[in-house]
1. Of everything in the stretch 70-87 that's basic (Lys, Arg) and either surrounded by fewer than 10 Cβ atoms within 10 Å (Cβ to Cβ) or at pLDDT below 85 (or both), which residue is farthest from the chain's Cα centre (by Cα)?
2. Regarding the stretch 9-23, can at least one residue be identified that is surrounded by fewer than 10 Cβ atoms within 10 Å (Cβ to Cβ), over 28 Å from the mean Cα position of the chain (by Cα) and part of a loop (DSSP other than H, G, I, E, B)?
Amino acid sequence: MKCPFSRKECLREECVMYRKGFRYFDNGQPPEPFEGCGFMVLVDCMEGLLRRSVGQQKAAEQTRNEVNKLRGFFVNLVEGKLMLPSK
C-alpha cells in the first residue's frame, strides 16, 4: 500500500498516521479488527457522518410533512365545525 502523502511504500508502524484498532458499524455488524493508514480512518468516519446526517435530514423532513398533515387535519376540522349551523 502506498502512502497518500509521500506516494512511497507505507512505513506501517513507523508512520505517525498508522493505526491499529477496531472498526465499528451502525448496522449491528460485529466490530472487525482494523490495521492501516489513519487517513483511511478519517475518510471512513466522514462517510459515516455524512450517511447519518442524510438519514437524519430525511427523518426530519418526514416528521415535518406528517406534522403539516396533522395541522391541515385540525384546520379542516375547525373550519368544518365553524361552518356547521348552530342549533
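1. Lys87
2. yes
The values are calculated or read from the model by the stated rules, or taken from the named source; none is laboratory data. Bear in mind the structure is a predicted one, so any value in this text is a computation, not a measurement. Positions of Cβ are generated from backbone atoms using ideal geometry, with glycine treated the same way; all protein chains shown enter the neighbour counts.
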